[in-house]
Amino acid sequence: MTTNKQKREGAVIFSEYERGSAIKKALSMGRDDILFELRESKLKGRGGAGFPTSTKWMLVAAAKAEEKYLICNADEGEPGTFKDRVLLLEYPELVFDAMVVGGYTLGAKHGVVYLRGEYEYMKKSLEDYLEAMRKDNLLGNNILGKEGFNFDISIFLGSGAYVCGEETALIESMEGQRGEARNKPPYPVNTGFMGMPTAVNNVETLAAVSHIVVKSGAWFKQHGTDKSTGSKLLSISGDCKKPGVYELPWGTKISELLELVGAENTKAVQVGGASGICLSRSEFDRTLAYEDAATGGSIMIFNENRDMLKVLKNFMEFFVEESCGQCTPCRIGNVKLLEGIEMIERGEYTFSYIKKLKDLGNTMKVASKCGLGQSSPNSFISILDNFSDEIFNNVNGGSHA
Amino acid sequence: MHKKEELRAPVSQKPHVVEKPENIDTIGGTVTLELNEKKVTVPLGTTILDACKENNIHIPTLCHHEDLCVAGVCRLCVVEVEGMRTLQASCAYPITSPIKVHTSTPMVRQARKHIIDLLISEHYGECYSCFRNNNCELQSLAKEYGVDHYNFGHIEKPRYEVDKSSYSVIRDMDKCVLCKRCVRTCIDLQEVGVLEAVGRGDQTRISTFLDKPLADVVCINCGQCINRCPTGALRANDPRDEIWEAIDDPKKHVIIQTAPSPRAAIGEEFGQEPGLSYTKEMTTALRRIGFDKVFDTNFTADLTIMEEGTELILRLYKALVEKDNSVKVPQFTSCSPGWVKYLEHFYPEYIDNLSSAKSPQQMFGALIKTYYAEKNGINPEDIVSVALMPCSAKKFECNRPEMHDSGFKDVDYGLTTRELAQMIKEAGIFLPEMPKSNFDNPFGEASGAGLIFGATGGVMEAAIRTVYELITGKNVEDFFENMNVTPVRGFEGVKYAELPITEVGPVPDILKPLVPNWDWVKGATLKVAVVHGTANAKKVMEDIKAGGKFSECHFIEFMACPGGCLGGGGQPIPTNKEIRAKRAQAIYNEDESLTLRKSHMNENVLRLYEEFLPEGPCSHKSHKLLHTHYTERGKYIA
Ligand SMILES: Cc1cc2nc3c(=O)[nH]c(=O)nc-3n(C[C@H](O)[C@H](O)[C@H](O)COP(=O)(O)O)c2cc1C
Ligand code: SF4
Ligand code: SF4
Ligand code: SF4
Ligand code: SF4
Ligand code: FES
């Protein structure tokens, strides 16, 4: 387990918040008003896909069904991310209060935290926290005196597979099946857990909701950029002096970030974890934003001493292992990409075959069944493109051997 | 939305298909989309794939099978839907809004080509040594997309050991493309569930419970998975070599009995339209191949009706008149060995409901090495008895240890329709052009009632034709037009019928030792049900357990395979609803063309009783040769 060496508190998620205040405020508002504030805020999902949270909630709120579910996605399986853990451990009120607000807004009675298997050690303290909420009537029946509003939260321990963070695989796993992504459409908002309308939200998304309810959507969107409002929690790891969790406004430049964390002689920055893209020095003036370099939170920094082919190989080994194996492009495609890397290592490749593999990567991006296979070629393509000099020249010098 | 209790497959493999509205003429019942720039209107919830089929647009598929729920895993059927970032699997995409679809863009074509290349790179197997050569979906795809070399390399060594443990189904996982059709067949269509995907990523493979050999798990040998596997990864245990050897051995007297379903389907193996019977061409071909005698299993189907029908009458008499609690009603048919094994595993407490009458195949086996051998002065040891069956479970059945009542192995080999077609081809024969000939006697003459055993409802119809006449003393035509007992026909998964017995006649001689008179059935209503596919069998068994309406039935026909034997695991591939319906039609047409259509009117059967079983059906000797017992197996495998 990595310890959190640093925590930089920014102006949004880590701003002042009083336990239970979002629930109190929400119960005094109409559901439509809550949805309105969310839309105003332009909050987008922090789990990676960046889907507008207000739209997701509206769809579930509008669905007619006997049961609805709100699931907090705390699977946090992307290598190099640990920001959800920090939120749950240190700011559980932000997450749980938002779930209660969600229960109220969506008309759901059940909330579930899908907790990453490795975080089992947190389960007890989270359950104690929920128990305290029950005592204070922040959970349970007729919450805070609101007649007929019943909502409770349980914790489901995940099975340890990365793909289970994908929302439909997560639901499958909760239903006791193999963690495999479902066909979409239909989406969980209308056919989710047990076939019922279900909102799956990332931990950080929920934390933002609590602030928005208390402080308004207008307040939230003062931060960040026009298309990427608010701030982002980043898990920063790799070659820098001050790795840790940072809250930074969307729109921050990579170069600014590198300075902040004390990174020197940086050669490459992997934005968005293994499934993200790898930027080279010439791109360090790009910004962290949905419209530019998007990230679910992971930033990995590599300095000049790193062998980018090895970095890439690590990523691809991860995907070969973590693919659920149901669909062809991802199950076999990732193996082919990894084999390609090994060919480069051995110096036994042709550029035309590498080109073929990049084309294959592009197929995987569009033809795979879920986000895992759709994003696994990102690092392959971006590292081979952005570091071609190093990678292919090194081969000639034989230094990968 | 799926109904959870109906299907056991993981939701990721369930039909996430929006239910089509009952009346598509209502407002919102249809949706108009653009398919390759052409506007088409389809019922709401139609998949893109189905919409394309309707409009003659070909989309390649691999994991899709019309009998099965959606998987969406091979990704071959991807198409472009405007406005969506990724390609969409057309088999899994229900149309609910006016989308614009493109089925042959450069991106789509490239993706399909890549997917085929990937599948082939991992596929260990050589077409020329594969039973699916020329009838393999992977091979066809490779041809369709002009694959002429291995774009992404090719696996050089086998990764798995071939599982040859089962008498019925052989699994060669090196040829598996992980389409999961077998998994969905086994769990959804058959509710058996012995196959599952295990492992992740490139280690994913189809496996059995704890990786045990197929012979050691609850597989019922139905072979439905073989019929739906797109490749040669699943095949039946093929006895051709042994049979050729016997044929070529002058000391051996090789006979073959032929079940009703193969003749209605074997033409398909020779490129003929489904729905044509080749009975008489097949008998000629069998002789030319070198079988010494060619018999009709329908003969013992007639015999089965005599035994099983009598058993039913006896059971009802004992249960209703003598109030004997040890007698179990309803009586279940026992001619489908897949069904029998299913019951032995999943409902062993109902073993006593199974008719003790052997299946026609095994009755035949017992008679060949006794009655026939005696009559013709042949040493039973020299007889090799082959059974042409539509079924893979029949291979298991003839290997059941108790099936030695003749003093020898009653049936030596179960041969499937597919395997016989192969033998015919090997002999250089083109079946459809064979001259016609009849079966050999004494087991050559059979009734239409025996013939219709091949279709779901057939055993029941045959039994009704006989039991009705024995009881009422009247012609069954007086009750059912043209002798067609339509209430038990058709492809509905579970059929239920009530047949009132309004009048009774004198007890026929053959039954006199067993029942004194028919007074006790007068005015009664015979309640029967017909069930095909073990998933449907499960529904009925659960209802019986719960004391529902099926527990009040007197007689229930169960067939393991969807459609009955004509959809058996040894029949030509592919299979689908339309093909099965055509095979059924072929069988019913042939029945209607016959003059002999009732089992108890089969003179040869009556002669057999006279000469060999003089005490009649369900007598001591018939019990020894023509009846059997079952094994409580249970679900849990040690
Ligand atoms: C392979 C894969 C893994 C994922 N893992 C996570 C995860 O660990 N946590 C998470 O919140 N979202 C994860 N997601 C994204 C979820 O599918 C989903 O989009 C997200 O939970 C929705 O919440 P949001 O709208 O609040 O972002 C993953 C997606 C994929 C394809
Ligand atoms: S893309 Fe990969 S992880 Fe996703 S469904 Fe396909 S095989 Fe499974
Ligand atoms: S399964 Fe198909 S592709 Fe494979 S060897 Fe057999 S015929 Fe050829
Ligand atoms: S033969 Fe039938 S029971 Fe056995 S694995 Fe195949 S489908 Fe399942
Ligand atoms: S064995 Fe056949 S049906 Fe089963 S997954 Fe493999 S290829 Fe598909
Ligand atoms: S046929 Fe549609 S994904 Fe396989």
ask   = Counting Lys and Arg as +1 and Asp and Glu as -1, what is the net charge of the other residues whose Cβ lies under 9 Å from the Cβ of B:ARG132?
value = +1
Cα extents of chain B along the three principal axes, largest first (Å) = 79, 63, 51
message = Counting just the Cα atoms, what span does the protein assembly as shown cover along each of its three principal axes? Round to the nearest Å and put the largest first.
response = 103, 73, 56
query = Please state the equivalent ellipsoid semi-axes for segment A:308-393: what are the square roots of 5 times the Cα gyration tensor eigenvalues, largest first, in whole Å?
reply = 21, 12, 11
query = What's the extension gain from B:ASP324 to B:ILE378 if we count 0.36 nm per residue and subtract their Cα-Cα distance?
reply = 15.0 nm
note = If amide H atoms are modeled at 1.01 Å from N in the peptide plane, then the residues at a separation of 5 or more from B:THR416, or on another chain, having amide H under 5 Å from its own are B:MET389
Separation of alpha-carbon centers, segment A:329-366 and segment A:260-275, rounded to whole Å = 24 Å
inquiry  = Using amide H atoms built in the peptide plane, which far-off residues or other-chain residues are under 5 Å from A:SER298 H to H?
reply    = A:SER235, A:GLY272, A:GLY273
ask   = Can you list the GluC sites (Glu not before Pro) in segment A:144-236 that are in a DSSP coil and have 12 or fewer other beta carbons within 10 angstrom?
value = A:GLU147
ask   = What are the extents of the Cα atoms of segment A:12-68 along their three principal axes, listed from largest to smallest and rounded to whole Å?
value = 36, 30, 20
query = Can you give the average number of partner chain beta-carbon atoms within 10 Å of each beta-carbon in peptide A:183-195, as a whole number?
reply = 4
query = Using θ = phi - 60° and the Karplus curve 6.51 cos²θ - 1.76 cosθ + 1.60, what whole-Hz ³J(HN,Hα) does each residue of segment A:67-84 get, with Gly and Pro shown as x?
reply = 10, 9, 10, 10, 10, 8, 7, 10, 7, 5, x, 4, x, x, 10, 8, 6, 5
task = Taking a cut-off of 25 Å between Cα atoms, list the lysines near B:LYS474, but don't count ones fewer than 8 places away on the same chain.
result = B:LYS318, B:LYS512, B:LYS522, B:LYS527, B:LYS598
request  = Scan chain B and report its longest stretch carrying no GluC sites (Glu not before Pro) that are both in a DSSP loop and have at most 16 other Cβ atoms within 10 Å.
outcome  = B:162-321
request  = Net charge near B:VAL384: determine it from the other residues with C-beta under 14 Å of the C-beta of B:VAL384, scoring Lys and Arg +1 and Asp and Glu -1.
outcome  = -4
query = Under 5 Å between amide H atoms, partner at least 5 residues away or on a different chain: which partners does B:HIS253 have, H built in plane at 1.01 Å?
reply = B:ILE383, B:VAL384
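Pick out, in residue order, every one of the GluC sites (Glu not before Pro) in segment A:223-325 that is DSSP loop and has at most 16 other C-beta atoms within 10 Å; say none if there are none.
A:GLU264, A:GLU291, A:GLU304
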query = Given a Förster radius of 60 Å and the C-beta distance between B:ASN134 and A:ARG286 as r, what FRET efficiency does 1/(1 + (r/R0)^6) yield to the nearest 0.05?
reply = 0.65
request  = Normalise the Cα radius of gyration of segment B:485-630 by 2.2 N^0.38 Å (N = residues in it) and let me know the number.
outcome  = 1.26
key: In order through segment B:484-494: 3J(HN,Hα) via Karplus (6.51 cos²θ - 1.76 cosθ + 1.60), integer Hz, x for Gly, Pro   = 8, 7, 4, x, 9, 9, x, 9, 4, x, 10
ask   = Taking θ as phi - 60°, what are the ³J(HN,Hα) couplings along segment A:253-266 by the Karplus curve (6.51, -1.76, 1.60), each to the nearest whole Hz, with x for Gly and Pro?
value = 7, 4, 4, 4, 4, 4, 5, 4, 8, x, 9, 10, 6, 6
key: Exceeding the 27 Å Cα-Cα cut-off - candidates B:LYS180/B:LYS394; A:LYS64/B:LYS538; A:LYS232/A:LYS267; A:LYS56/A:LYS109   = A:LYS64/B:LYS538
ask   = Taking the Cα centre of each part, how many Å lie between segment A:176-219 and segment B:356-433?
value = 61 Å
remark   = One finds the C-alpha centres of segment B:245-308 and segment A:3-46 to be spaced, in Å, by 76 Å
request  = Please give the net charge around B:GLU80, taking every other residue with its beta carbon less than 14 angstrom from that of B:GLU80, where Lys and Arg add +1 and Asp and Glu add -1.
outcome  = +3
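Values quoted throughout were computed directly from the atomic coordinates according to the rules given, and no laboratory measurement underlies them. Keep in mind that this is a model prediction, so the values were computed, not measured. When we count neighbours, we look across all protein chains shown, and the Cβ atoms used for this are built from the backbone with ideal geometry, even at glycine.
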